[in-house]
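Undergrad: Sharing a structure, written as structure tokens. Questions coming.
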Amino acid sequence: MTETANDTQFRAGFAALVGRPNVGKSTLLNALVGEKLSIVTPRPQTTRHRILGLVNLPHAQIAFVDTPGLHRGARRALNRAMNRTAATALADADVVLLVVEVLRWTDEDQLALERLKESGRPCIAVVNKMDRVHPREKALPYVAELAARHAFDEVVPCSARDASNLDRLREVIVARLPHSPPLFPPEQLTDRDSAFRITETIREKLTLELNQEVPYGIAVAIEQMGEADGQLVVSAVIWVDREGQKPIVIGEGGERLKRIGRAARIELNRVLGRRLHLELWVKVREDWADNAQALQALGLE
């Protein structure tokens, strides 16, 4: 790796995944990296943070950046913060991947394209969810229409779910990265620590369990984390922004909260490679998603 890294042909840089909510950016990041770094749920706007995932190849290092979905009508401070996070990642990227869903084009796709044009960055259009189109030739008119919307460097159809055509996508990205030694140590996978992955995993299980019952006014923060009896002991608080949401999250006799905690603990045991004891509490912070101080405390601003 050292010899390759010193080679003048080595390339390294940042590739930002941008697009509207729910086009599969987080699933794509996980598939490209080969490990689950971003949480995934069917609900739009699940991703709230900028998340880095590293891919090391013999001749290149790609620093993928997952971003919140760009969306219109950002009435709450949380939504505006998410849009700013996505815009910043776009501005800092060496290459931008505009991720779209095959056979769909919406106003928010157009918004993402407009932001991309403003950035002036090299751009690859990634047509995701190709596994849903049978036969695949049905997607050809959509791909042609997409190519006509902007002078993309490439248009690459793929599927994050079944990992089809991802090798081709990596090659296309690498060809547009600057010549540079690696930007991160080869053993590094992400810039996020275990505390972040714990809170995000809990939030994923919350979102999957609650489905449509509680809106987006939920956040997770670690209150205490330490070692005891050979295991990691974590106490985390689930913040809701309405008093009436608290009993919904807890469930009758605390059963729902127990299910959420169990699902999170099982996944975290695997992800962290060690035993974890998890305690969850539900607290109310009225309108936290419109409170700049609360957003800052939660790392969202």
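Undergrad: What does the charge dipole of the chain about its Cα centre add up to, to the nearest 20 debye, if the Cβ of each Lys and Arg holds +1 and the Cβ of each Asp and Glu holds -1?
TA: 580 debye
Undergrad: Could you give the size of the charge dipole of segment 194-297 about its Cα centre, using +1 on the Cβ of each K and R and -1 on the Cβ of each D and E, expressed in debye and rounded to the nearest 20?
TA: 420 debye
Undergrad: Still on this structure, please answer the following. Please report the relative contact order for segment 113-266, taking Cα pairs under 8 Å with a sequence separation of at least 6, and give it as a percent rounded to a whole number.
TA: 15 percent.
Undergrad: Need one number: nm distance between label points at GLN296 and ARG84, each 7 Å from Cα along Cα→Cβ, rounded to one decimal.
TA: For the pair GLN296/ARG84, the computed spacing is 1.1 nm.
Undergrad: Here's something else I'd like to know. Using only Cα atoms, tell me the angle between helix 107-119 and the longest principal axis of the chain; keep it within 0 to 90° and round to the nearest 10.
TA: 60 degrees
Undergrad: How large is the Kirkwood hydrodynamic radius of segment 194-297, counting all unique pairs of alpha carbons, in Å?
TA: Every distinct Cα pair counted, the radius reaches 14.0 Å.
Undergrad: Calculated from DSSP H runs of 4 or more alone, at -39500 (n - 2.57) each and per residue, what is the 222 nm mean residue ellipticity of the chain, nearest 500?
TA: -11000 deg cm²/dmol
Undergrad: Mind scanning LYS36/LYS129; LYS129/LYS258; LYS36/LYS246 and naming the pairs with a C-alpha gap bigger than 26 Å?
TA: Checking Cα-Cα distances, LYS129/LYS258; LYS36/LYS246 exceed 26 Å.
Undergrad: Identify, among ALA91, ALA175, TRP105, the residue whose Cα sits farthest towards the positive end of the charge dipole of the chain, taking +1 on the Cβ of Lys and Arg and -1 on the Cβ of Asp and Glu, with the dipole about the Cα centre.
TA: Selected residue: TRP105.
Undergrad: Next question. So, in Å, what gap is there between the alpha-carbon centers of segment 166-189 and segment 25-89?
TA: Measuring centre to centre over Cα atoms gives 17 Å.
Undergrad: Moving on. Convex hull volume of the Cα atoms in the chain, per residue, in Å³?
TA: 140 Å³
Undergrad: In µm²/s, what is D for segment 2-174 at 25 °C and 0.890 mPa s, where D = kT/(6 pi eta Rh) by Stokes-Einstein and Rh is the Kirkwood radius from Cα pairs?
TA: My calculation gives 151 µm²/s for D.
Undergrad: Here is a follow-up. I want to verify a result. In a Gaussian network model of the chain, Cα cutoff 10 Å, which of these has the top mean-square fluctuation: GLY53, GLY244, GLY69?
TA: Checking each option, the largest mean-square fluctuation is seen for GLY244.
Undergrad: Would you please give the residues with an amide H less than 5 Å from that of CYS123, counting only those at least 5 places away or on a separate chain, with H modeled from the backbone geometry?
TA: VAL96, ASP153
Undergrad: If you don't mind, there's one more thing I want to ask. Taking amide hydrogens as modeled 1.01 Å from N in the peptide plane, which residues meet the under 5 Å criterion relative to ARG11, leaving out close sequence neighbours?
TA: ALA60, GLN61, SER180
Undergrad: List the residues whose amide H sits under 5 Å from the amide H of ARG161, counting only those 5 or more places along or on another chain, with H placed 1.01 Å from N in the peptide plane.
TA: The list, which skips near neighbours in sequence, is LYS129.
Undergrad: Find out how many positive minus negative residues lie around GLN110, taking Lys and Arg as positive, Asp and Glu as negative, among other residues whose Cβ is under 11 Å from that of GLN110.
TA: +1
Undergrad: Ok, one more. Among 281-291, 183-193, what's the highest-first ranking by average C-beta atoms within 10 angstrom per residue?
TA: Answer by packing, highest mean first, reads 281-291, 183-193.
Undergrad: Could you give the alpha-carbon Rg of segment 138-268 over 2.2 N^0.38 Å, rounded to two decimals?
TA: 1.53
Undergrad: To the nearest 10 degrees, how steep is helix 77-92 against the longest Cα principal axis of the chain, on a 0 to 90 scale?
TA: Computed tilt is about 30 degrees.
Undergrad: Let me ask something else about it. Convert each backbone phi in segment 256-269 into a coupling constant with the Karplus relation 6.51 cos²θ - 1.76 cosθ + 1.60 (shift: θ = phi - 60°), then list the ³J(HN,Hα) values in order as whole Hz, x for Gly and Pro.
TA: 5, 4, 5, 5, 4, x, 5, 4, 5, 5, 4, 5, 5, 4
All of the numbers you see were taken from the coordinates with simple rules; none came from a lab. On a predicted model such as this, the values are computed, not experimentally measured, just so you know. Here the Cβ is made from the backbone with ideal geometry for all residues, glycine too, and neighbour counts use every protein chain on show.
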